[in-house]
Amino acid sequence: MNVEAVIVSACVGAAFGWLVRRWIAAARRRRDGSCAGGCGCADKVGKGR
Amino acid sequence: MSPEPEPLVALVGNPNTGKSTLFNALTGLRQRVGNYPGVTVARKSGQCDLGPAGRVELVDLPGLYSLAAASPDEQVVVDALTGRISGDRRPDAVLLVVDATNLLRNLFLASQVAELGVPMAVVLNQADVAREQGLRIDVGLLSRRLGGVPVVLASAWKGEGVSEVRRAIAQALADRRLAVRATWPAPVAAALDEVTAALRSDLGVEPTAAEAQRTLFDAAGSTAVRFGWTGPRRDLVLRSARDKVRRGGYNPFAAEPLAHYAHLRVLLEGVVEEGGAARSASAAVDRLLLHRLLGPVLFAAIMLGLFASVFWLAKFPMGWIQDGVDLLRGYIAPKFAATPMLQSLVADGVISGVGAFLSFLPQILILFLFVGILEDSGYMARAAFIMDRLFSWCGLSGKSFVPLLSGFACAIPGLLSTRTIEDPKARLATAFAVPFMSCSARFPVYALMCSAFIGPVYGSGWESAAMVGMHCVGLLFAVPVAFILTRFVLRVRPQPFVLELPRYQLPKPRDVLWRMWQNAAEFVSKAGTVIFAITVIVWALSYFPRDPAVADRARTAEPSLTGEALERRVQAAYVEQSWMGRFGKAVQPVFDPCGFDWKITVGVLASFPAREVIVSTLGVTYSLGEGAEADSGQLRTAMQSARWQEGPRAGSPIFSLAAVLALMVFFALCSQCGATVATLAQETGGWKWAFASFATMTVLAWLAATGVYQAVIRFAPPA
């Protein structure tokens with residue numbers, strides 16, 4: 001595998017991994033009862049402190 | 001040893017009295033404020049510096065008219081004031097925010113809070129408006145009548161009197177004076193004694209006066225339940241106590257307001273002097289804006305003007321951004337000439353995808369600027385009044401307005417705002433209707449379609465009309481859906497309209513700009529994070545596998561083509577053979593009746609986690625597919641020239657008027673937001689309603705898009 005393919009694979013893998021991590025974090029927030037959305041609304045209408 | 005906690009001060013008051021504005025002024029935080037009731041639906045806290053008196057923890061609570069909590073947000077207040085929130089302390093003092101223009105009604109809550117036995121300071125907010133109305137308030141007399149609790153005049157919106165409020169908090173904490181309490185008529189007092197004795201004997205706790213009152217007066221009995229006082233003995237005691245009140249000549253559920261208002265009328269005698277200045281200007285404007293026939297017409301005209309201005313004003317900055325993206329693409333692409341795969345990832349993937357998304361930033365900024373102005377001016381609450389006719393017809397509560405209005409920006413705060421609705425069934429029906437509202441994530445989709453296909457062909461007037469129409473489509477579908485749900489499924493009882501019209505005011509530039517900035521930051525951060533990551537994945541799925549045989553077959557199939565045209569054909573063949581292409585083509589027959597080709601199908605499917613993803617997805621697929629031709633890099637140019645390659649529509653434009661309208665209608669109705677579905681599940685206590693909402697919206701979107709496409713291709717003449 002050449003260097004170009006390695007760089008592209010790393011970029012795609014990082015993007016995928018980041019999205020999965022974000023999805024898991026949202027699920028955790030939801031389980032804790034706070035807003036799971038990534039829209040920042042938790043700052044506008046927060047459930048707790 | 002842990003340090004002693006700072007004193008806790010709770011900010012309490014009727015809705016829309018400026019609590020959150022005062023909270024922001026006292027703490028320096030940026031809690032969301034708005035010129036309509038119900039903006040705060042949960043507690044929020046911050047530190048407030050009292051100068052030499054030290055610091056306190058200030059907690060901003062949702063607005064409420066009475067401690068007789070009926071809705072979840074009101075329950076938060078009662079629980080916070082009685083120290084019943086797990087892990088929270090009982091407040092050391094209450095800062096009661098009162099609308100200075102309506103003391104009698106606002107002080108009813110103060111009179112109830114006095115029963116809690118917590119030190120209190122009173123802020124007569126909106127003092128500037130009271131002055132304009134010619135009201136003169138004797139603050140000293142009111143303070144003396146309330147038993148010496150500090151009372152100050154302020155205008156948090158203008159930043160007036162904030163230091164006096166700080167001093168009043170310090171004084172309330174130092175003096176610990178309790179406000180004078182109402183005197184109960186003898187039969188009511190006897191009934192309260194009976195309830196107190198029963199609570200003491202049954203639960204072994206000494207209830208406060210307020211707790212005994214809530215147990216006796218609240219018809220729903222939620223206070224007794226929170227005490228853990230249940231069973232037949234409770235019912236027996238309450239029935240006996242209420243009978244005692246009834247025999248004394250009072251209605252047990254009306255005795256409380258009667259006693260408090262009698263107390264307040266005496267207390268306010270001579271405190272307020274009417275100067276005679278009328279509220280005539282506001283009333284005259286309302287007569288016009290709330291007129292039965294003229295009101296909806298003006299509302300439609302305002303919305304039309306808003307979107308026309310958004311398009312017109314955003315045209316130039318959008319062009320600059322697109323030119324900037326082209327320049328960047330033209331500059332970066334040659335740097336990667338030696339590595340074509342990396343070049344494609346950067347130029348066709350990241351720059352085209354994220355650039356297409358970012359080009360809508362000016363429209364988002366201008367839209368939120370105008371929405372902020374309308375909100376702050378007080379017009380949005382009037383819009384609610386106009387819309388109430390629609391809501392009441394379909395069985396939704398008047399309180400549904402705030403969640404539905406919030407839904408136009410983002411469904412998630414809209415869903416959280418349904419907590420202000422008392423009736424659980426009405427709350428559920430509203431939560432079901434909120435995702436139908438046209439949130440700002442749909443805006444880039446409409447803007448792309450309108451500016452690329454409606455504006456250039458039919459003119460800017462139709463461009464704005466299509467935009468307004470798309471914002472109404474969700475509402476038009478939400479109404480019958482809510483009607484069926486409230487009348488036949490949930491059987492919701494009709495609710496009275498309870499929204500209080502706020503005063504008109506000049507929007508505060510700082511607040512409007514701050515909200516605009518917040519939305520812009522959110523949009524840009526989304527472009528740099530979620531959209532960026534999804535773009536990279538969509539690019540990979542549209543680029544691989546890269547079998548050289550595909551290119552050979554394309555060259556052999558079209559021997560007459562040379563140069564750029566051949567290169568374009570090869571690129572298109574690669575995209576068609578990619579994983580994304582194969583998947584899109586496999587699913588495309590489902591969307592064929594809506595007039596969507598496989599690239600639009602891919603965009604639609606990729607947008608289920610977040611609907612704005614379609615813009616960047618189309619940016620990538622069209623950029624890759626158009627290959628060498630995409631020298632401009634502009635998505636709309638590539639889309640305008642896209643043609644059906646095969647089938648009965650071969651050679652005709654993919655983005656015909658019918659397909660464009662169908663696509664917009666699909667996005668207006670489809671439930672394409674993972675976070676909204678998850679929040680709906682959270683707020684309705686399970687996945688049943690979230691799944692029902694997702695399925696209903698998706699099916700409706702497909703049916704409506706198919707209907708629009710089929711109707712337009714049959715009946716509308718081509719442009």
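A short reminder: the numbers here are calculations on the coordinates, not readings from a lab. The structure displayed is predicted, hence computed values, not measured ones. Heads up, the Cβs are rebuilt from the backbone with ideal geometry, glycines too, and the neighbour counts pull from every protein chain shown.
Among the listed pairs B:LYS585/B:LYS688; B:LYS44/B:LYS158; B:LYS44/B:LYS508; B:LYS526/B:LYS585; B:LYS315/B:LYS526; B:LYS526/B:LYS599, those with a Cα-Cα distance over 25 Å are B:LYS585/B:LYS688; B:LYS526/B:LYS585. For B:GLN672, neighbours were defined as the other residues whose beta-carbon sits under 15 Å from its Cβ, and their charges (Lys and Arg +1, Asp and Glu -1) total +2.
For region B:192-250 versus region B:452-488, the spacing of their alpha-carbon centroids is 52 Å.
When Lys and Arg each count +1 and Asp and Glu each count -1, what net charge do the other residues less than 15 Å away from B:ARG200, Cβ to Cβ, add up to? Before the final figure, lay out the partial values.
Details: positive: B:ARG233, B:ARG234; negative: B:ASP193, B:GLU194, B:ASP202, B:GLU206, B:GLU211.
The answer is -3.
For the listed peptides B:504-510, B:267-273, a ranking on the average number of other beta carbons within 10 Å per residue, highest first, reads B:267-273, B:504-510. Judged by the gyration tensor of its Cα atoms, with axes a ≥ b ≥ c, region B:8-175 is rounded; a/c sits under the 1.5 cut.
At 10 °C and 1.306 mPa s, what whole-number value in µm²/s does Stokes-Einstein give for the translational diffusion of chain B, with Rh from the Kirkwood sum over Cα pairs?
Numbers: Rh = 28.7 Å.
It comes out at roughly 55 µm²/s.
Taking every full run of DSSP H in chain B, the ones that stretch at least 27 Å from end to end by Cα along their long axis and average 1.0 or higher on the Kyte-Doolittle scale are B:294-332, B:460-484. Each residue of region B:45-51 was assigned a 3J(HN,Hα) from its phi angle through the Karplus expression (A = 6.51, B = -1.76, C = 1.60, θ = phi - 60°), giving 10, x, 8, 10, 8, 9, x Hz with x at Gly and Pro.
Label separation (B:ARG167 vs B:ARG714): 7.7 nm, computed from points 7 Å beyond Cα along the C-beta direction.
Here the protein assembly as shown is described by how far its Cα atoms reach on the three principal axes: 103, 66, 53 Å, from widest to narrowest. Take B:SER282 and B:PHE544, extend 7 Å from each Cα along the Cα→Cβ direction, and tell me the distance between the two endpoints in nm. Inter-label distance under the simple model: 6.3 nm.
The helix-only estimate of mean residue ellipticity at 222 nm for chain B, built from DSSP H runs of length n ≥ 4 each weighted as -39500 (n - 2.57), is -18500 deg cm²/dmol after division by the residue total. Sorting the segments B:512-521, B:595-604 by their mean number of nearby beta carbons within 10 angstrom, highest to lowest, gives B:595-604, B:512-521.
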